[in-house]
Amino acid sequence: MIDNLKTKKLLIVDDEREIRDMIQTFLRKEGYTRIYQAGSCEEALSICRQTKPDLIILDVMLPDGDGFTLLPLLRSISAVPILFVTARGEDEDRLLGLLLGADDYMVKPFLPKELVLRLSAILRRTYAYKTVEQRTSFYIGASLIDLDSGIVKRQEKELPLTAKELLLLHKLYENQNRIVTSDALCQAAWGDDYYGYENTLMVHIRRIREKIEPNPSSPEYLLTIRGLGYKLINQKGEDTL
C-alpha cells in the first residue's frame, strides 16, 4: 500500500526555487520519485493540465498571483488534494485556505519530517480506500455517485468531486440511513488531528449538496441532524450497482 502511494505524482508550487528543491529532496529521500515543480500560477496550471498530479503542494505568495486565487482555478481542472505550505501563518489565512478546499495547511519554517507525514496521511486518506473491494457506485435520488472515478452524474452532467468531498461521501454512504457525527466525518476527512475543522466541514457538505440535491437549500438526501451531524438517506434501499 505505502509503496503504491509513493508512485503518486506530486506537484510543488512555490516562487522560491530553493524551497522547491528542498522539498523535492525531502520527498525523494522518503521514496517519492514522480515530482514536478512550478514557480508561478501560470506554470502550475500548465503542468497540472499536462501531468495530472495526484497531490499539489501550494505556496500562497506567487509572482503572478497568490495561492488563494490559484486554488479555485486548480479545482476547476482537478479534484486532487492540495496542501498549503506557506509563510503566512495567521489564523485568518489558515481558515481561508481550508474554506477554499485545501486539505491541510502548514506554516514555514516547517520540519521536513512533518511535511512528509502530513503528505503521506493525505495520500492514504485519499487513495488507499480504492483498493477495498466494496467501493462502488450508487444512486442518491437521480444522482449517480461513482466513487471510483470521483464523479457525480446528474441530468447528463458530470460533476467532479474533490478529494475531501469523496471521503465525506464515502463515510456517509458506509453509514447510509444512520446519523454520522460531525466528529466522525472530520476524522474521516482530516484524520485524527481534526479539531477546528467543523466550519470547513459545513462548507464541504454544502458543496456536496450542490452536486447531489435537486434543491441544495432544501436537501432531501443529505440531511443535517442538529447538534449531532449528518445523515445520507437512501430511500430506495437497493441503489447499489
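The values are calculated or read from the model by the stated rules, or taken from the named source; none is laboratory data. Note that the coordinates shown come from a computational prediction; the quantities given were computed from them, not determined experimentally. All Cβ positions, glycine included, derive from the backbone under ideal geometry; neighbour counts span all protein chains shown. To get the accessible areas, we keep the full protein, side chains included, count just its heavy atoms, and leave off ligands, DNA and RNA. Shrake-Rupley method; radii C 1.70, N 1.55, O 1.52, S 1.80 Å.
If the condition is being hydrophobic (A, V, I, L, M, F, W, C) and open to solvent by 10 Å² or more (accessible area, probe 1.4 Å), then region 176-188 contributes Ile179, Ala184, Ala188. Identify the residue in region 189-205 that is open to solvent by less than 50 Å² (accessible area, probe 1.4 Å) and in a helix (DSSP H, G or I) and, among all such residues, is modelled with the lowest pLDDT. Among them, the one singled out is Trp190. Only one of the numbered conditions (1) without any contact (Cβ under 8 Å) to a residue 60 or more places away in the chain; (2) farther than 18 Å from Leu232 by Cβ; (3) under 14 Å from the mean Cα position of the chain (by Cα) is not met by Trp190, and that is (1).
Just one of the listed residues (Ala142, Ala163, Ala184) is small (Gly, Ala, Ser) and under 26 Å from Glu30 (Cα atoms), namely Ala163.
Contact map, region 45-67: residues that are farther than 19 Å from Gln24 by Cα paired with residues that are modelled with pLDDT under 95 and loosely packed, with under 13 Cβ neighbours inside 10 Å, Cβ distance under 7 Å, separation 6+ or inter-chain. Pairs shown: Arg49/Ile77.
Specify the residue that is nearest to Val152 (Cα to Cα); the eligible residues are those in region 206-220 that are touching a residue at least 24 places away in the same chain (Cβ under 8 Å) and open to solvent by 30 Å² or more (accessible area, probe 1.4 Å). Going through the qualifying residues, I end up with Lys211.
The number of residues in region 55-85 being of a type outside the set (A, V, I, L, M) and out of contact with any helix residue (DSSP H, G or I) (no Cβ under 7 Å at 6 or more places or on another chain) comes to 7.
Need a quick list: helices (runs of 4 or more DSSP H) entirely within region 20-104 having at least 1 residues that are open to solvent by 60 Å² or more (accessible area, probe 1.4 Å) and more than 30 Å from Ile205 (Cα to Cα). Write out each step before concluding.
Working: elements: 41-51, 67-75, 91-99.
Fully inside region 20-104 and qualifying: 41-51.
Filtering region 155-175 to residues that are open to solvent by 50 Å² or more (accessible area, probe 1.4 Å) and touching a residue at least 12 places away in the same chain (Cβ under 8 Å) leaves Gln155, Pro160, Lys171.
Residues satisfying the criterion are present in region 9-16 (criterion: crowded, with 16+ Cβ neighbours inside 10 Å, touching a residue at least 24 places away in the same chain (Cβ under 8 Å) and of a type in the set (Lys, Arg)). Of all residue pairs spaced 6 or more apart or on separate chains, those with beta-carbon atoms under 6 Å, a first member in region 24-42 that is closer than 13 Å to Asp14 by Cα and a second member that is surrounded by 14 or more Cβ atoms within 10 Å (Cβ to Cβ) and acidic (Asp, Glu) are Gly39/Asp15. Considering only residues in region 111-142 that are in a loop (DSSP other than H, G, I, E, B) and at pLDDT 75 or above, the one that is most open to solvent (accessible area, probe 1.4 Å) turns out to be Leu111.
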